[in-house]
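Read through the structure below, which is laid out as structure tokens, and then see the notes.
The values are calculated or read from the model by the stated rules, or taken from the named source; none is laboratory data. Owing to the predicted nature of the structure, the values given are computational and were not obtained by experimental measurement. In this analysis, Cβ positions are derived from the backbone assuming ideal geometry, glycine residues included, and neighbour counts consider all displayed protein chains.
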Amino acid sequence: MSRLTQARWARKAREARKAVDRPDRLDRPNRPYEPNGPDQPDRPNDGSLFVKILVTGGAGFIGSNFIHFLLGPENPRRVDCQVLNLDKLTYAGNLENLVDLPLPENYQFIHGDICDGKLVESLLKVGVEVIVNFAAESHVDRSLYEPDLFIQTNVVGVQVLLHAAMRHKIKKFIQVSTDEVYGSLTPAAPGFREDTPLAPNSPYSASKAAADLLVRSYFKTYGFPAIITRCSNNYGPYQFPEKLIPLFITNALEDKPLPLYGDGLNVRDWIPVEDHCRALHLILEKGREGEIYNIGGEGERTNLEITEMILNILGKPKSLIQYVSDRPGHDRRYAIDFSKVKGDLGWSPCYRLHEGLEQTIRWYIDHEEWWRRIKSGAYRDFYQKHYGERLK
Ligand code: NAD
Ligand code: TYD
């Protein structure tokens, strides 16, 4: 064989290997999956008629925004949509996030745990077609104190959901994951791609990565119709004021110190929750089974830059910034390459960071009762435990 032919063969073999084992998707299933099982009415599986949706963790920040989206004017099929919200109502779940829902008659709340297999099975029997799983313990700092809680909900809970969903022949399962599963980037490195190896650094991100691998195994072993999404840091209405942006907005409004970890130069990519919800809805309708989609906001900033933007918009002094000891294992930088969801589904973020931040600050000013109730409740104990010594 000539050297040219050899090179051509080697290239073809490489391409064939890539086609069989693309690391940006969940690999090919070994078994076909039959979407219309005994419990399910006969419906076409083209994504256009998904109306009965189980949202788990829908009383939290992103889940409640997604339910508002599903029943709001941006969803042309909202009138046909029936949303079940299964939520355990942990400290982060808040039914106040859902009081002013449009089309309340199309919405039902179920108080319960995704780890409760019997409950999940009973819900799926009523003809649920798709599941969008937001339920999770979501705060990195809390995962440092109680990693077991994170494993229970974020790993065991996902396995319970997957297994019940498979038994009931659910037609699509969206696992809402995070860019944190990829670990940390150096300053000049390109953004995370879907085929970037998983390298989680906190108990939170490790539990999310474990769940992603379970989802992958259900697709690969059973042909279960799952999709994984990995989004960057969200901000917007109804975010629990323990995360950077709502904590700093509300502390600044109260003229309290803003506790910036380390040198304040860690970088995150910020996305308005509304843009994330639009991406999730598109993926629900048009995303291909077995795919992983990264979602990003083109909003890379250091924590110090974000803090200064908040203080500027609010007209508050920089003297409110207080540097405190760093978070253990603190990831230095996240950045997202979302060219896949852009190229395949035509999604890109609508809002620029400054505009999104101004709107979010306006929301927290207009919803003072909402966040004051949280900050004066059980959250006070966590704040004291986590920041008490550091802020002295
Ligand atoms: P959140 O903490 O605000 O809400 C989580 C919700 O899940 C709460 O309503 C809580 O009561 C519920 N829950 C917790 N354990 C449960 C259980 N065992 N059974 C049923 N419900 C349970 O979180 P969030 O910020 O809205 O994040 C939602 C999802 O999005 C999470 O899976 C998170 O990993 C992912 N995510 C978040 C971000 C972000 O910036 N917030 C970014 C990317 C991905
Ligand atoms: P956070 O909102 O907890 O999101 P994540 O850790 O999941 O990215 O934190 C965002 C960034 O802000 C992160 O680099 C840690 C930093 N941070 C502070 O500097 N001070 C704080 O009080 C908090 C909560 C976060």
> From the list Leu162, Leu119, Leu89, Leu95, which one is closer than 29 Å to Asp337 by Cα and more than 16 Å from ligand 2 (Cβ to nearest atom)?
Replying inline: Leu162
> Condition test on Thr186, is it free of Cβ contacts under 8 Å to residues at least 60 places away in the same chain, on the phi < 0 side of the Ramachandran plot, part of a loop (DSSP other than H, G, I, E, B) and of a type in the set (S, T, N, Q)?
Replying inline: no
> Are any residues in segment 222-239 surrounded by 20 or more Cβ atoms within 10 Å (Cβ to Cβ) and outside any loop (DSSP other than H, G, I, E, B), and if so, which ones?
Replying inline: Ala226, Ile227, Ile228, Thr229, Arg230, Cys231, Asn233, Asn234, Tyr235
>> Taking the criterion of being crowded, with 20+ Cβ neighbours inside 10 Å and within 16 Å of ligand 1 (Cβ to nearest atom), would at least one residue in segment 253-266 satisfy it?
In response: yes
> Applying the selection to segment 337-355, what residues are modelled with pLDDT of 95 or more and either in a helix (DSSP H, G or I) or hydroxyl-bearing (Ser, Thr, Tyr) (or both)?
Replying inline: Ser339, Lys340, Val341, Lys342, Gly343, Asp344, Leu345, Ser348, Leu353, His354, Glu355
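Being outside any loop (DSSP other than H, G, I, E, B) and either more than 9 Å from ligand 2 (Cβ to nearest atom) or at negative phi (or both): is that true of Asn201 here?
The answer is no for Asn201.
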> Given (1) more than 25 Å from Arg142 (Cβ to Cβ); (2) in contact with a Ser or Thr (Cβ under 7 Å, 6 or more places away or on another chain), where does Gly343 come up short, assuming only one miss?
Replying inline: (2)
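Results for (1) surrounded by 18 or more Cβ atoms within 10 Å (Cβ to Cβ); (2) more than 13 Å from ligand 2 (Cβ to nearest atom); (3) on the phi > 0 side of the Ramachandran plot; (4) in contact (Cβ under 8 Å) with a residue 24 or more places away in the chain, shown as yes or no for each residue.
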{"position": "Gly127", "(1), (2), (3), (4)": "no, yes, yes, yes"}
{"position": "Phe134", "(1), (2), (3), (4)": "yes, yes, no, yes"}
{"position": "Ser143", "(1), (2), (3), (4)": "yes, no, no, yes"}
{"position": "Glu146", "(1), (2), (3), (4)": "no, yes, no, no"}
{"position": "Gln152", "(1), (2), (3), (4)": "no, yes, no, yes"}
> From the list Ile361, Ile306, Ile365, Ile374, which residue is under 26 Å from Ala92 (Cα atoms), in a helix (DSSP H, G or I) and in contact with a strand residue (DSSP E or B) (Cβ under 9 Å, 6 or more places away or on another chain)?
Replying inline: Ile306
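So that you can scan it fast, the table gives a plain yes or no per residue for (1) within 30 Å of Val51 (Cα to Cα); (2) at pLDDT 95 or above:
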site: Cys115; (1), (2): yes, yes
site: Val126; (1), (2): yes, no
site: Thr153; (1), (2): yes, yes
site: Gln175; (1), (2): yes, yes
site: Asp179; (1), (2): yes, yes
site: Leu185; (1), (2): no, yes
> Would it be correct to say that Glu96 is part of a helix (DSSP H, G or I) and surrounded by fewer than 19 Cβ atoms within 10 Å (Cβ to Cβ)?
Replying inline: yes
> Can you pull out the residues in segment 309-331 that are assigned to a strand (DSSP E or B) and either among the aromatic types (Phe, Trp, Tyr) or within 16 Å of ligand 1 (Cβ to nearest atom) (or both)?
Replying inline: Tyr323
> Just one of Ser319, Ser348 is out of contact with any helix residue (DSSP H, G or I) (no Cβ under 9 Å at 6 or more places or on another chain) and among the polar types (S, T, N, Q); which is it?
Replying inline: Ser319
> Is it fair to say Phe219 is part of a helix (DSSP H, G or I) and either away from ligand 2 (no atom under 14 Å from the Cβ) or of a type outside the set (A, V, I, L, M, F, W, C) (or both)?
Replying inline: yes
